[in-house]
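Colleague: Below is a structure I'd like to ask you about.
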Amino acid sequence: MAHFQIVSKRSCLHPKPEGLLLQYGTAGFRTNAKHLDHIMFRMGLLATLRSKKTKATIGVMVTASHNPEEDNGVKLIDPLGEMVTPTWEGFATKLANAEQADLVTALKDVIEKEAINISQEANVFTFYAFYYYGLVTTPMLHYMVRCQNTQGEYGEATVEGYYKKLSDAFFQLTKNAINCTDDQKHLSVDGANGIGAVKLREMEGYLKNELHITLFNDGSKGKLNYQCGADFVKVQQKAPTGLKMNPGERGCSFDGDADRIVYYYTDAEEKFHLLDGDKISTLISTFLKELLTQAGLVLKIAVVQTAYANRSSTQYLEDIMKVPVRCTKTGVKHLRHAAQEFDIGVFFEANGHGTVLFSTAAEEKIQQLVENPSTDEEAKRAAVILQNTVNVINQAVGDAVSDMLLIEAILAIKGMTIQQWDAIYTDLPNRQLKVKVLDRRAIDTTDAERRAVSPAGLQEAIDSLVKKHRRARSFVRPSGTEDVVRVYAEAETQESADTLAYEVSLAVYRLAGGVGDEPKPLH
Ligand code: 16G
Ligand code: MG
């Protein structure tokens, strides 16, 4: 067929380096940008097929997220703004790894397996394609795909539509603020020298006097995600460079494509305090639960976390807040899937990626309460706040801007300082390390990545190391985005967590084929 000849010809302009094998991982393809040309071309083809298959608009996002400047990445976004399904992740990997001569066969294979009508019209939103959106944050593209496929019900599929929907909801929420001084309306934002900074600057005009933002690492100088951004702050547990804040003031960091956010402050003793994804999900779920009670609504609310969640957060949610908690594997699609089982599913990774999902039934019940003339005043106020909370949230995906607005609104409504928020529970000290091994697939895990099943003896080694420390926990997993094994440890003291992380790293190095220098103690 003529189509395939064209594909074949064009693909020669984007040749695949022979023998190069890449995998559609946790968040699409991600590697050094110089290896991605053929991938971009092929993902364009796959997005078109996915669109024909679903008869809906599909998104293609080109981003390296929180990775350093030399990297890039690409992922596909499904009709409701969610990640593409596992079967199609498999197709993506097959297509990416087909040698030049086999590309058309690989394409035909997808068409046949999925019974795709090739003459069906296709619609793809991307950086430089049919609909030119230019540079947007990852969550903005997810949002627009969802708007497009709900015929505008979710919102208007434009950059302005996004700013307007979120800022309007934010204003409605902050109307309920108590005694909010100008000082409390101030927030320092580290834009990671990424796209979030650019978009936030554009959005500032929409936020008028309700939020005063001072933007740092806005991309005018400094490198993307270098010594700044959510990932740096979370992993290093220190403030980003380039940020100037007085003790007690609130600050937050986005990652490079603005789908993660973490908060922090420095106290009078100059000690740095991090409020990560766990603290955020606790704040949000507590807020929602209180509103449900005030509104007299019976809806099932739960929090979804991963193994990285601080045990203090899980205990607080389960024991004090009586909110059920689920643990899934790392990666947004897993959390999202679990969150969908509830009327209200709050999901956050400790690294700051997360959002809240509301079932259609939940949204309808809230709406009915708002509209019902016999709803009493307190219940109505709570229902209206719930409704505006739904509107400020980007349900398509974790979104730093949307999460920031929700957090700012909650703090304002509760009249809460960042210190009071931080004091809800105390994190157990923790440490993350990485170990280089010959082949990270040597590590296989179970129980939502909390236990290793291979290599033999590793879990037993971890268990006996953990026993040496108080209130300790540790696990290892192969990274889905980097060629390393990640190690996590938490314990009663920082020293204990550091020692445990080092000891477990050493066990990984010795039992799972470590390469390079042996891990060294941190102290
Ligand atoms: C990706 C994931 C993120 C996960 C991270 C883990 C998405 C959109 N993003 O960034 O959820 O936490 O990978 O990275 O799914 P790792 O496997 O290298 O630890
Ligand atoms: Mg990101």
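Colleague: May I ask you to order 195-207, 239-251 by the average number of other C-beta atoms within 10 Å around their residues, highest value first?
Modeller: With the highest mean Cβ count within 10 Å placed first, the list reads 195-207, 239-251.
Colleague: Apply the membrane-span-like helix rule to the chain: whole DSSP H runs, Cα extent along the own long axis of at least 20 Å, mean Kyte-Doolittle hydropathy at least 1.0. List the helices found.
Modeller: 400-414
Colleague: Using the Cα atoms of the stretch 159-271 to build a convex hull, what is its mean projected area in square nanometres?
Modeller: In nm², the orientation-averaged hull projection of the stretch 159-271 is 7.4.
Colleague: With a cut-off of 8 Å between alpha carbons and a minimum separation of six or more residues, what is the relative contact order of the stretch 159-271 in percent?
Modeller: Averaging sequence separation for qualifying contacts and normalising by length gives 28 percent for the stretch 159-271.
Colleague: Percent antiparallel among DSSP beta bridges with both residues in the chain, to the nearest 5?
Modeller: Percentage antiparallel, nearest 5: 65.
Colleague: Would you work out the relative contact order for the chain, in percent, from Cα pairs under 8 angstrom that are 6 or more residues apart?
Modeller: 12 percent
Colleague: Let me ask you something else. Taking the radius of gyration and the Kirkwood hydrodynamic radius from Cα positions alone, what is the Rg/Rh ratio for the chain, to two decimal places?
Modeller: Rounded to two decimals, Rg/Rh equals 0.97.
Colleague: Please list, in chain and number order, the residues 5+ apart from Gly229 or on another chain whose amide H is under 5 Å from its amide H, with Hs placed from the backbone.
Modeller: The answer is Ala192.
Colleague: Counting helices only, and only those DSSP H runs with n ≥ 4, report the 222 nm mean residue ellipticity of the chain as the sum of -39,500 (n - 2.57) divided by its residues, in deg cm²/dmol to the nearest 500.
Modeller: -12500 deg cm²/dmol
Colleague: Please figure out what share of the DSSP beta bridges in the stretch 277-422 is antiparallel and state it in percent, rounded to the nearest 5.
Modeller: Here the share of antiparallel DSSP bridges comes out near 40 percent.
Colleague: Given a cut-off of under 8 Å on Cα pairs at least six residues apart, what relative contact order in percent is computed for the stretch 276-354?
Modeller: This gives 43 percent for the stretch 276-354.
Colleague: May I ask you to sort Glu69, Glu490, Glu114 by Cβ crowding, counting other Cβ atoms within 10 Å and putting the fewest first?
Modeller: Glu69, Glu114, Glu490
Colleague: Would you please put 334-340, 402-408, 316-322 in order of how densely packed they are, using the mean number of other Cβ atoms within 10 angstrom per residue and starting with the highest?
Modeller: With the highest mean Cβ count within 10 Å placed first, the list reads 402-408, 334-340, 316-322.
Colleague: Of Lys271/Lys436; Lys185/Lys208; Lys52/Lys113; Lys289/Lys322; Lys108/Lys333; Lys75/Lys164, which sit over 21 Å apart, Cα to Cα?
Modeller: Lys271/Lys436; Lys108/Lys333; Lys75/Lys164
Colleague: When a footprinting reagent is the concern and you count Cβ atoms within 10 Å, what order do Cys12, Cys252 take, fewest first?
Modeller: Exposure proxy ranking, most exposed first: Cys12, Cys252.
Colleague: Can you sort Ser312, Ser464, Ser253 by how many other beta carbons sit within 10 Å, fewest first?
Modeller: Ser464, Ser312, Ser253
Colleague: Compare the Cα positions of Val370, Ala350, Ile413 along the charge dipole of the stretch 277-422 (+1 at Cβ of Lys, Arg; -1 at Cβ of Asp, Glu; about the Cα centre) and return the one farthest towards the positive end.
Modeller: The residue sitting most towards the positive pole is Ala350.
Coordinate-derived values only; no laboratory data. As the structure is a computational prediction, the values presented were derived from the model and not from experiment. Counting neighbours? That spans all protein chains shown, and the Cβs are built from the backbone with ideal geometry, glycine included.
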